[in-house]
Amino acid sequence: MHKLSLTFLVLVLIFINGCSVREVIVTGTNPLFIPALIDSAEHENIELVLQKGKHEFYEGVASETMGVNGNYLGPTVKLHKGQTTRITFKNNIDETTTIHGHGLHVSGDIDGGPQLAIEPNEEWTIDLPVVQEAGTSWYHPHLMGKTGKHVYAGLAGIYLIEDDNAKSLGLPQSYGVDDIPLVVQDRSFTDKKMNPYLVSHAQMMDGFRGDTLVVNGTVSPYHIVPKGWVRLRLLNASNARFYRFYLSEQKKFYKIATEGGFLNAPILMTELTMGPGERNEIMIDLANIDNVHVMAEFLAVDFEDWSFFASNTATSVVELRTDSSLVASGVLPNNLNDIAYFTQSEKDQAVTRTFRLEMDEDAMTYDMHSMFSINGKSMDMQRIDERINKGQLELWSITAEDMPHPFHMHGVSFLIQTHNGNSPQEADKGWKDTVVVTNELTEVLMRFNHIADEKTPYMYHCHILEHEDGGMMGQFTVE
Ligand code: C2O
Ligand code: CU
Ligand code: CU
């Protein structure tokens, strides 16, 4: 589009909106890339090769990236509850890394945390037993101090977990057609080339944020979908950016799933806020619609005001254009799940732990790693911070300093008990593994059912990757 007409369009939009959010709705120009689907049911051994690559975010301009079986991001791996999948990760990136299964209920020795380094030209094979219900998890590197760099370069992909319930619900499940993964990231560019990952002091504090949205590696995407129900699997795989998602013209949608499974029933919504690491599935009825934009408002960090950061601009994540010659395969059922909420007598038995996420800007001068901590301690791979009994109900009370932080823990899904001082919204009453916490109390409940010993403990941490790399992380065992 001509620069002048783009400016004009923006001005018109500001005028139309007349509100504080500047909306930039640009017609999608690039077909949305859909990551390849590898169905574990059809493979004895899935090979995932971490490699360096060159990716053209903009046509004709190559950026240095990393990917899995490709130049940027990795394939979607479909896992089936009740089956064990063998996966071999091959490290061809010339740097040590690890691959963590974020959201997976697996033991510490196959969780892929910082202890499970894969050296260059080495490989790591795991037998992954899938015991959890259907949901959208993901994989990404987790090497101490290098997670931000490796994820930014493009190492990440989706684990799409299926079970009998999910298959019986009648939801859209034609991958890439009406069941669409949206890996949302922000990247920064100079002359259409992705900037290298160099983090200044200020960027350590705020987290590394780019100005351009990249969805499945595509800038300014559109996708042709059937005229009917469309299911989107949103993954915020950004290093640090929080988004408020909504649909153009404030169209309504239904949220059907959180990270670790379906909600009991669809929840009608107009907007959805997601921190780094979070996933949500939504359904949109496009039966009578020619096109709709999924929009994202970039949320800015406001260190002064806890009212969840001032918003500035909103841009199109993806334009969905309908085509009646495509067949929509699914419907929206009334009931999706039957979550076994913990009873009061179970809660009375819970072991309580308290976590405070801390930032100290001045600490940077002597030791970068003490800039970020939890309960006064910066991450130390030689120290086990918490020891948990397998099967024990745990109530974790979490608060944060200075800004909202997405708190995540390994090996489990939890249920929110209190969210930032309030009881959780209906739409958040599903199984989760990442939750945005503030200075107001957040409490989550869960049981760890898998072993993580001292050699390969689990992690809990902030999912702003610069905070995690800087030490806002702790280790725990389950035995
Ligand atoms: Cu998504 Cu400990 O990670
Ligand atoms: Cu994780
Ligand atoms: Cu943080």
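The values are calculated or read from the model by the stated rules, or taken from the named source; none is laboratory data. Nothing here was measured: the structure is a model prediction, and the numbers come from that model. Ideal geometry is used to build each Cβ from the backbone, glycine not excepted, and the neighbour counts take in all protein chains shown. Heavy atoms of the whole protein, side chains included, go into the accessibility calculation; ligands, DNA and RNA do not. Shrake-Rupley method; radii C 1.70, N 1.55, O 1.52, S 1.80 Å.
Of the residues making up region 267-283, those that are surrounded by fewer than 22 Cβ atoms within 10 Å (Cβ to Cβ) and under 14 Å from the mean Cα position of the chain (by Cα) are 272, 273.
Taken over region 200-236, the criterion of being under 21 Å from the mean Cα position of the chain (by Cα), on the phi < 0 side of the Ramachandran plot and within 16 Å of ligand 3 (Cβ to nearest atom) is satisfied by 203, 204, 205, 206, 208, 209, 236. With the requirement that a residue be touching a Phe, Trp or Tyr at 6+ places or on another chain (Cβ under 9 Å), closer than 18 Å to residue 159 by Cβ and open to solvent by 40 Å² or more (accessible area, probe 1.4 Å), what does region 16-66 give you? Matches in region 16-66: 34, 37, 47. Name the single residue, out of those in region 210-235 being assigned to a strand (DSSP E or B) and not hydrophobic (A, V, I, L, M, F, W, C), that is surrounded by the fewest Cβ atoms within 10 Å (Cβ to Cβ). Applying the filter and picking the extreme gives 212.
Only one of the numbered conditions (1) open to solvent by less than 10 Å² (accessible area, probe 1.4 Å); (2) in a loop (DSSP other than H, G, I, E, B); (3) more than 14 Å from ligand 1 (Cβ to nearest atom) is violated by residue 440, and that is (1).
Here is the figure for region 458-479: residues that are of a type in the set (A, V, I, L, M, F, W, C) and out of contact with any Pro (no Cβ under 8 Å at 6 or more places or on another chain) total 3. Note on region 131-148: residues that are in contact with a helix residue (DSSP H, G or I) (Cβ under 8 Å, 6 or more places away or on another chain) and open to solvent by 10 Å² or more (accessible area, probe 1.4 Å) total 5.
Here is a yes/no grid of residues against (1) away from ligand 3 (no atom under 16 Å from the Cβ); (2) more than 30 Å from residue 264 (Cβ to Cβ); (3) out of contact with any helix residue (DSSP H, G or I) (no Cβ under 6 Å at 6 or more places or on another chain):
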position: 375; (1), (2), (3): no, yes, yes
position: 390; (1), (2), (3): yes, no, yes
position: 430; (1), (2), (3): yes, no, yes
position: 452; (1), (2), (3): yes, no, no
position: 466; (1), (2), (3): no, yes, no
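Scan region 443-479 for residues that are within 22 Å of residue 145 (Cα to Cα) and within 15 Å of ligand 1 (Cβ to nearest atom) and the total you get is 22. The single condition among (1) open to solvent by 10 Å² or more (accessible area, probe 1.4 Å); (2) away from ligand 3 (no atom under 16 Å from the Cβ); (3) out of contact with any Phe, Trp or Tyr (no Cβ under 7 Å at 6 or more places or on another chain); (4) in contact (Cβ under 8 Å) with a residue 40 or more places away in the chain that residue 379 does not meet is (2).
Scanning region 257-266 for residues that are surrounded by 18 or more Cβ atoms within 10 Å (Cβ to Cβ) and part of a strand (DSSP E or B) gives 257, 258, 261, 262, 263, 266. Given the condition surrounded by 22 or more Cβ atoms within 10 Å (Cβ to Cβ), modelled with pLDDT under 95 and either within 16 Å of ligand 1 (Cβ to nearest atom) or not acidic (Asp, Glu) (or both), answer yes or no: does some residue in region 391-400 qualify? Yes: region 391-400 contains one or more residues that are surrounded by 22 or more Cβ atoms within 10 Å (Cβ to Cβ), modelled with pLDDT under 95 and either within 16 Å of ligand 1 (Cβ to nearest atom) or not acidic (Asp, Glu) (or both). What about residue 60, is it out of contact with any strand residue (DSSP E or B) (no Cβ under 9 Å at 6 or more places or on another chain) and more than 16 Å from ligand 1 (Cβ to nearest atom)? In short, yes.
Filtering region 310-353 to residues that are part of a strand (DSSP E or B), over 30 Å from residue 396 (Cβ atoms) and among the aliphatic types (A, V, I, L, M) leaves 314, 317, 318, 320. In region 401-419, of all residues being buried (at least 20 other Cβ atoms within 10 Å of the Cβ) and in a loop (DSSP other than H, G, I, E, B), the one that is farthest from ligand 1 (Cβ to nearest atom) corresponds to 403.
Here residue 292 clears all of (1) modelled with pLDDT of 90 or more; (2) closer than 27 Å to residue 431 by Cβ; (3) open to solvent by less than 30 Å² (accessible area, probe 1.4 Å) except the condition numbered (2). Flag not set for residue 441, criterion: of a type in the set (A, V, I, L, M, F, W, C), away from ligand 2 (no atom under 16 Å from the Cβ) and closer than 25 Å to residue 100 by Cα. Once region 236-256 is narrowed to residues that are more than 13 Å from residue 314 (Cα to Cα) and among the aromatic types (Phe, Trp, Tyr), the residue that is most open to solvent (accessible area, probe 1.4 Å) is 254.
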